[in-house]
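Quick notes on the structure that follows.
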Amino acid sequence: WDNADFSRGIGTTYYQEFSTLNTAKPPFVRDVEAKVRRYMRSSYSAAWTLKITWEKAPVYAARTDTGKTITYQAVLTTDGFRSYILMLYQDRGMQWDYTRLAATNVLIGYT
């Protein structure tokens, strides 16, 4: 993703932690487990999950363009041995115009 710019008070960041080692799993964690099982084609039972949501995040620099926002999530999860990240984007939520970004070598991903 690109740099978000929250300096003008536009957009919000939320997070929620789910420690589920010895507790009942909420529907969100069960959904994450199902996605990991489906995409990785393996068994998976989450011990810990973190959901981070960037809601209506404006592109950098917000001083010049406050009307283009994006809502997305990063979900980190682990069973204590294997760890995964899910990048989730709101349908039609990507409003940043990548052709107007300062960098032209734009990539999506993580390392």
Item to complete: Collect the residues in the range 1-28 that are assigned to a strand (DSSP E or B), in contact (Cβ under 8 Å) with a residue 40 or more places away in the chain and open to solvent by 40 Å² or more (accessible area, probe 1.4 Å), keeping them in residue-number order.
Response: 12, 13, 14
Response to the item:
Among residues of the range 1-28 being of a type in the set (A, V, I, L, M, F, W, C) and under 30 Å from residue 68 (Cα atoms), the residue modelled with the lowest pLDDT is 1
Discussion item. Just to be sure I understand, how many residues within the range 29-43 are at pLDDT 95 or above and open to solvent by less than 50 Å² (accessible area, probe 1.4 Å)?
Written reply: 6
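The values are calculated or read from the model by the stated rules, or taken from the named source; none is laboratory data. Quantities reported herein were computed from a predicted structural model and do not represent experimental measurements. Note that we place each Cβ from the backbone using ideal geometry, even for glycine, and neighbour counts take in every protein chain shown. Areas reflect the complete protein model, heavy atoms only, side chains present, ligands, DNA and RNA absent. Shrake-Rupley method; radii C 1.70, N 1.55, O 1.52, S 1.80 Å.
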